[in-house]
Amino acid sequence: MLRYLTAGESHGQALTSIVEGLPSGVPLTEDYINIQLARRQGGYGRGGRMQIEKDTARITAGVRGGLTTGGPVCLVVENRDWANWSETMSPGTEARIGDRLVTKPRPGHADLAGAIKYNHRDIRNVLERASARETAARVAAGTTGRALVEQFGIKITGHVIRIGKAAVPAGEPSPEEIREKSSRSELLCADPAAEEMMKQEIDRARKEGDSLGGVFEIVVTGLPVGLGSYAQYDRRLDGRLAQVVMSIQAVKGVEIGIGFKAGELPGSQVHDELFYDPARGFYRNTNRAGGLEGGITNGEPLVLRAVMKPIPTLYTPLRSVDLATKEPYEASIERSDICAVPAAAVVGEAVVAFEIARALVEKFGGDSLAEMKRNYDSYIDYVKRV
C-alpha cells in the first residue's frame, strides 16, 4: 500500500515526510520536488513567512541515482526560522517554554478545541502542528506520487476560479489552456481579467485588515477507466479524493463534476449519455460526473473543486477568551497571509496526485515501475477490446 506520514512543527527544526510503497525505478530528484515547493510559496496576497522560508527538500533515503529503490523515501524540509525558535521549541528539558507561552485561542483555528482535547495549557503545542506550514511536507510527499502518475501520461493541473466575489466566468477551456495560462499567473488563474479583479479584492481586504478565501479547481487528464471501486465505501475514489482535499487546512467543502449544482437540476441535465464508435470505443459528449461514476474513474478528465475559507488570523482582530484567566480579549495580531488560495491549489494538486498514485498501485500492482507498466499496458489493451 502506498502511504505517507508527515512530522514537524511550524517553528520546529524541520518538516519530515516518509513515503512508503513507491515502486522502484520511478525518476525522482530534489529539483523536481522543489519546483512544487516553490509554487506553494507563491501567490499574490501571501504574508511575511514567505519572505523567511525558501523551501527546499532533501531526499535522505529511498532514492539512489535519481531513481526510487522501492524502500521508504524520506524527505526533509528545514525551517529557516529555526534559529530564532531553537530555545523555545527544543525537544529537550532545557526548552524555554514560558518565553512564548500562548494562552489566548484564536477564533477559527484549532487552538481551543485542540488544547482541550490534548490537555494543553500552552496553546503553542496545538498551533505549531495544526499550522498550514505542515502542507510543505504534504506537497513534498505528494510530489513523489506525481512523479509516479506522470509515468503513465497522467497530468494534474490546479487553478483558482474564485477569490472573494471575483470569479472566472463560466466556460469550458481545455485542460491544456488552463495549464498554460495559469502557470503565468500570480494567482494561478487562467483568466487575466478575473485575476485582476481578484487582486483588487485582495488589496481591499488588506486595507480593511481582513482576509479572503476562494475556490480552486483540480483537473486530472489521462486517467484510465477503472481506478477505484464501488465494492466498499472506503475504496470509492470520489470519497477518497474528497477526504484528502478536505484535510487541507481551511478547506470547507469539495465537489466533483457539477457538484452541488446537481441538486438544482433534473436528471436529464445531470447524467452523461453514453455513445459508442468503433474507432473511439465508448465515450460521452459531456462530463457532468467529473470523471467518476460509482467511485470509479470512467476515462473522462477528473474535475474537482474545493472552497477555502478566509484565513482566520486577522489584522482586525476578533474577540476571544483567555484559556488561563477566562477574561475576554481581542485575538492577537500575528504575521499572516491575506489570501492563500493559490497555495491551497498547489497543495490540492499534491494530495490528489498521491491519491491517484495510490489507486494506480492498487490497480496495477508491481514492485517496480517496469512491472506496473507491463500490467498497465495489458489492461489498456483489454479496455480497447471491450
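Just so you know, all these numbers are worked out from the coordinates, no wet-lab data involved. Everything numeric here is computed off the predicted structure, so don't read it as measured data. A quick note on method: Cβ atoms are made from the backbone with ideal geometry, for glycine too, and the neighbour counts reach across all protein chains shown.
Miscellaneous remarks
- With 0.36 nm allotted per residue and the present C-alpha distance subtracted, the residue 269-residue 200 stretch has 21.3 nm of extension available.
- Only Cα pairs under 8 Å and 6+ residues apart enter the sum, and on that basis the relative contact order of region 262-386 stands at 12 percent.
- Under-5 Å amide H pairs with residue 28, H placed in peptide plane, nonlocal only: 67, 68
- Under the simplified labelling scheme, the residue 88-residue 61 pair shows an inter-label distance of 3.1 nm, with each label point 7 Å from Cα along Cα→Cβ.
- Alpha-carbon centroid distance for the pair region 52-85 / region 1-31, whole angstrom: 8 Å
- Equivalent ellipsoid semi-axes, region 153-264, via Cα gyration tensor eigenvalues times 5, rooted, Å: 29, 18, 12
- Pairs of alpha carbons in region 1-74 whose separation is greater than 16 Å (percent): 57 percent
- Compared with the alpha-carbon gap, the fully stretched path from residue 367 to residue 277 is longer by 28.8 nm at 0.36 nm per residue.
- Lysines with Cα under 16 Å of residue 199, excluding same-chain neighbours fewer than 8 positions away: 165, 207
- For region 101-107, 3J(HN,Hα) computed residue by residue from phi via the Karplus equation (6.51, -1.76, 1.60; θ = phi - 60°) reads 5, 10, 10, 9, x, 9, x Hz, glycine and proline entered as x.
- Theoretical FRET efficiency, 1/(1+(r/R0)^6), r = Cβ-Cβ of residue 96 and residue 7, R0 22 Å, to 0.05: 0.45
- Derived scalar couplings between HN and Hα for region 127-138 equal 5, 5, 8, 6, 4, 5, 4, 4, 5, 4, 5, 6 Hz in order, rounded to whole Hz, by the Karplus curve 6.51 cos²θ - 1.76 cosθ + 1.60 (θ = phi - 60°), x for Gly and Pro.
- For region 3-385, the relative contact order comes to 22 percent (Cα pairs under 8 Å, sequence separation of at least 6).
- Protection proxy ranking, highest mean first, for peptides 129-141, 174-186: 129-141, 174-186, where packing is the per-residue count of other beta-carbon atoms within 10 Å, averaged.
- Relative contact order (percent, whole number), region 79-132, Cα cutoff 8 Å, 6+ residue spacing: 23 percent
- On full extension, the segment bounded by residue 382 and residue 31 gains 122.7 nm, given 0.36 nm per residue less the C-alpha separation.
- The magnitude of the dipole of the chain, with charges of +1 and -1 set on the Cβ of Lys/Arg and Asp/Glu and taken from the Cα centre, is near 320 debye.
- Simple rule: put +1 on each Lys or Arg Cβ and -1 on each Asp or Glu Cβ in region 3-385, find the dipole, and look at 120, 157, 296; the Cα lying farthest toward the positive end is 120.
- Considering only 148, 379, 263, the residue lying farthest towards the positive end of the dipole of region 3-385 is 263, judged by Cα position with unit charges set on Cβ.
- Radius of gyration and maximum dimension Dmax of the chain, Cα, Å: 22.1, 74
- Using the rule -39500 (n - 2.57) for each DSSP H run of four or more residues, divided by the residues of the chain, the 222 nm mean residue ellipticity is -10000 deg cm²/dmol.
- Residues in region 1-35 that a label on residue 235 would reach, taking backbone N under 20 Å of a point 7 Å out along Cα→Cβ: 1-3
- Of the trypsin sites (Lys or Arg not before Pro) in region 268-299, the ones in a loop by DSSP (not H, G, I, E or B) with at most 11 other beta carbons within 10 Å are 280.
- Along the axis of the charge dipole computed for the chain (Cβ charges of +1 for Lys and Arg, -1 for Asp and Glu, origin at the Cα centre), the listed residues 131, 97, 45 are led at the positive end by 97.
- Taking the empirical scaling 2.2 N^0.38 Å for compact globular proteins as reference, region 85-187 has a Cα radius of gyration ratio of 1.61.
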